[in-house]
Amino acid sequence: MNATISATQSSMLTEKQMAILQSSGQHIAPTWPLDQMIAVNPFWPMRHQPIEHASAILSTLGDAQLLMPTSYYLQGYQSGEISSSALMKAAQTQGIPLKEAALVAFLQEDTAIANWHNISDLLDNQRDPHKMAWRDEITHQISQFCAAHYQQLRPILGRQDTAHQPDLYQHWLDVTRRDKGLSIILDEPGLQAFFQQLPNTPEQVIAEAIKTLTLSDDLLGHYAHALLLDINGWGSWVAYLRWQGDLYDQPHDDMLALLAIRMAWELVIWRYYQAKDPDTAELLKVLWTREKSQLPHLIRQQQDAQRLLWVWAKAAEMSYQQRLNHTLLTAKPQPAVQTPTLQAAFCIDVRSEVMRRALEAQSDHIQTLGFAGFFGLPLEYQPQASALSRPQLPGLLKPAIRATEAIASDNRPFDSSSVVKTAVGLNKRARWHGWSQAAPSTFSMVESMGWLYAFKMLKKSFFPNSGENPLNRLSHHHKWTLTKEDKLLTLEEKAGLAKGILHAMGLTHFAKTILLVGHGSHTTNNLHAAGLDCGACGGQTGEINVRVLAQLLNDQAVRAELRTSDIDIPDCSRFVAALHNTTTDHISCFDDNVEENVCHWLNAATKKAQRERIAQIDPTLLNANDDKLNKAYLKRSQDWSQVRPEWGLANNAAFIVAPRNWTRQVDLQGRCFLHDYQWQNDTGFNVLELIMTAPMIVTNWINMQYNASVTDPLKYGSGNKVLHNAVGGNIGVFEGNGGDLRIGLSLQSLHNGEKWMHQPQRLAVYIAAPREAIEQITAKHDNVRHLIDNEWLYLLRWDEKGTIERFYQQTWEMQTTAESMCERKQQSNII
């Protein structure tokens, strides 16, 4: 169904009603498939609203939480994590004239507020507790249908036509009308007959529901949103299909059909009670009328109830910012490395911060840089002898260049037999793994396949293999062909691409060895493995991107062309593609000629990073020697029973866009994204504009995904990893065998069994650039302005004079200065 539906297609819905419904459908954020899993801000479609208003709406309509419970903030206050000064400043900025004692007392009060109830919820409140709840069965039935529909299991759905993709609503109606089990499961005789009465199009069933349930235009949008939040997981999948359709100019929008399915259930049970139980039906009318009339009041109640909770959330964020401000302003800027022996460009990922610091500690002649993990290459990867391709860039962007294994350099025809053989083998393994991946299937495979499979399971336990993602085995190539719209890139295009990347990286002088370090994880038996890889590479490792860029920058013809733009890469300089394994902290170089001293530095950095991270990974190994630590990390990455192989980007809190020498030797605790930037070299501030409109938005997505998976793990998290079952191979997961499609991060990705490993707080973005440049870019881009002015993140300016100030709603507010830091330190010493 096309995204744009005119009212003329249905005489029963007005243009205004159609616009309201389409707007409600836009409130659901997309979720990417498992093999391309990237972090998504689940509140992205509501960025144009102040975060506090969006929170009240979501809490009212879907019982969704953007805030932690009061006990979390009380514990933070009692432990000193939340400072008194930050608390009072937060209260002041929120316009709350309460004293500290009153704010603390609030945390011990009952803050529960009623939320909106759909018709199914109202009936469940009156329902016999021994019967299955309407909400549970509705969610289960729709979810099971969507799983089968989107993985095209025609035999299960009773379709004979396997070539035609049926309309979502009509397909559901066809299946549900045949399903005689619903009446039995719900213990509601005759229920099925009411599905026979439903209209055959989404527009018609919605129009009937609007009339029957007497929904005003003012109420319709909120009601539609509430129903979609009931099936938010599948709504998110439909939003992803819509996102991809829009990205590739192939419109595809099932959101109205999904809403029609959920609304059809409301209509069916309303009519069922009217016919079967007049007393309950009469009570339902009264309850429904009251529910509709009090919705605006419920939203205001939620906003009022959350006001003080937002003070505490802001106090927690400001407490961290106070500590980080102190760290940044009291650190002594290090001299820039003038003649580096080694340069290493890393992804801005927070996990790179630990490794960069570890590598820099090996020598004063090592320079590291932070850059977007796809290294500025808008690639998609298509293996030879395959019609399939996968994106290697952020989900916000559309690939413009295709990378494929190159033909033989001696002009002989490319022998693709090895690639084809590998692909066939992977397809066979994919079918095998598709069966064995589901949680309850392991034992059925042993039963069906015999002791051979049981032996393989034991072999994995005692003799683990590499655990590499099979898809990545096709990417271990040194030579690549780059095409755009099926035409080879010209030398001028290659040089233009290289020039733009070097400029954005700020790389103007070149060491003898320049490492281009992508990153990826290394885990086994992990349906969410892609979520630990590089989000900027579309949930893949950065291997292909760094290999392609190294080839570009080592190409003598490209270098000659770059010299015409005054970019002179010395003949002695060599770019080396490398990969940072974030699970084990090993760095692998894809070049046999790396100098011995570089290898020594990399090995020493691995040991240093491993030792720093072990306190969070396994505190029992704090006193272990280097060899034992390394073996423990390797075992962890290969253990198919390990549910916490690494912490990913947990506890991310800030994004620093500044010269590296300002933060070199500063321990940022693996909590900061780091992007190198020197505004004096950025004529026209084009690079800054790129950073604020791409990496800053990506880091917001990551930050809010982690936050939401903690503040509301039921709606925005994927639950217990041990119970995950893959849906449709790569669509997503169920927790167990039913319920809604689960999105977001698993419990084990965020909680160590005793405490949360991620502290939910909005991202603090520190930018070292002139005020005017930041103001102009913000005014130019709506998305950037919405994030800043509606407080989905904090934007702070940090200058070389030692000043940090916040930009909010077109005004600047001083946060702190280096001088004030020194004064406070002197006063504390006197005391």
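Data table
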item	result
Test: residue in the range 334-347 that is over 20 Å from Phe510 (Cα atoms) and outside any helix (DSSP H, G or I)	no
Complete set of residues in the range 670-700 that are in contact with a helix residue (DSSP H, G or I) (Cβ under 8 Å, 6 or more places away or on another chain) and assigned to a loop (DSSP other than H, G, I, E, B)	Gly670, Arg671, Tyr677, Asp682
Filtered residue count, the range 356-408, keeping only those that are out of contact with any Phe, Trp or Tyr (no Cβ under 7 Å at 6 or more places or on another chain) and assigned to a helix (DSSP H, G or I)	3
Inter-residue pairs, beta-carbon under 6 Å, first under 19 Å from Thr330 (Cα atoms) and in the range 794-808, second among the aromatic types (Phe, Trp, Tyr) and at pLDDT 95 or above, 6+ apart	Leu796/Tyr766; Trp798/Tyr766; Ile804/Trp798; Glu805/Trp812
Those helices (runs of 4 or more DSSP H) lying entirely in the range 724-831 with at least 2 residues at pLDDT 95 or above and outside the structural domain of Gln151 (by TED's automatic domain parsing)	771-780, 782-789
Filtered residues of the range 565-595 (kept if among the hydroxyl-bearing types (Ser, Thr, Tyr) and in contact with a helix residue (DSSP H, G or I) (Cβ under 8 Å, 6 or more places away or on another chain))	Ser565, Thr582, Thr583, Thr584
Of all residues in the range 594-648 being among the aromatic types (Phe, Trp, Tyr) and modelled with pLDDT of 95 or more, the one that is surrounded by the most Cβ atoms within 10 Å (Cβ to Cβ)	Tyr633
Qualifying residue in the range 100-118 (condition: at pLDDT 90 or above and within 15 Å of Arg262 (Cα to Cα))	yes
Residue in the range 287-306 that is within 30 Å of Ile82 (Cβ to Cβ), surrounded by fewer than 21 Cβ atoms within 10 Å (Cβ to Cβ) and of a type in the set (D, E, K, R) present	yes
Options Asn603, Asn703: the member that is assigned by TED's automatic domain parsing to the domain that holds Met505, assigned to a helix (DSSP H, G or I) and within 18 Å of Ala358 (Cα to Cα)	Asn603
Output for the range 649-692, where each listed residue is over 25 Å from the mean Cα position of the chain (by Cα), surrounded by fewer than 23 Cβ atoms within 10 Å (Cβ to Cβ) and among the β-branched types (Val, Ile, Thr)	Val666, Thr683
Residue under evaluation Phe590, criteria (1) in contact with a His (Cβ under 9 Å, 6 or more places away or on another chain); (2) over 25 Å from Asn545 (Cα atoms), criterion not met	(2)
Flag for Leu229 being part of a helix (DSSP H, G or I) and surrounded by 18 or more Cβ atoms within 10 Å (Cβ to Cβ)	yes
Residue tally, condition surrounded by fewer than 16 Cβ atoms within 10 Å (Cβ to Cβ), within 22 Å of Ala708 (Cα to Cα) and touching a residue at least 24 places away in the same chain (Cβ under 8 Å), over the range 95-113	2
Residue within the range 15-31 that is surrounded by fewer than 18 Cβ atoms within 10 Å (Cβ to Cβ), in contact with an Asp or Glu (Cβ under 9 Å, 6 or more places away or on another chain) and not assigned by TED's automatic domain parsing to the domain that holds Asp121 present	no
Residue tally, condition crowded, with 18+ Cβ neighbours inside 10 Å and not β-branched (Val, Ile, Thr), over the range 200-212	5
Selected residue (only one of Leu267, Leu324 is crowded, with 21+ Cβ neighbours inside 10 Å, modelled with pLDDT of 95 or more, assigned to a helix (DSSP H, G or I) and touching a strand residue (DSSP E or B) at 6+ places or on another chain (Cβ under 7 Å))	Leu324
Filtered residues of the range 238-259 (kept if at pLDDT 95 or above and touching a Ser or Thr at 6+ places or on another chain (Cβ under 8 Å))	Ala239, Tyr240, Leu259
From Leu295, Leu359, residue being out of contact with any Pro (no Cβ under 8 Å at 6 or more places or on another chain), outside the structural domain of Ile587 (by TED's automatic domain parsing) and within 30 Å of Met704 (Cα to Cα)	Leu295
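To keep it simple, each residue is scored yes or no on (1) under 30 Å from Gln705 (Cβ atoms); (2) outside any helix (DSSP H, G or I); (3) modelled with pLDDT of 95 or more.
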| residue | (1), (2), (3) |
| --- | --- |
| Gly434 | yes, no, no |
| Leu458 | no, no, no |
| Pro464 | yes, yes, no |
| His503 | no, no, yes |
| Gly518 | yes, yes, yes |
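The values are calculated or read from the model by the stated rules, or taken from the named source; none is laboratory data. In this text, all values refer to a predicted model and were calculated from it rather than measured experimentally. Quick reminder, even Gly has a Cβ in these numbers, built from the backbone with ideal geometry, and neighbours come from all protein chains shown.
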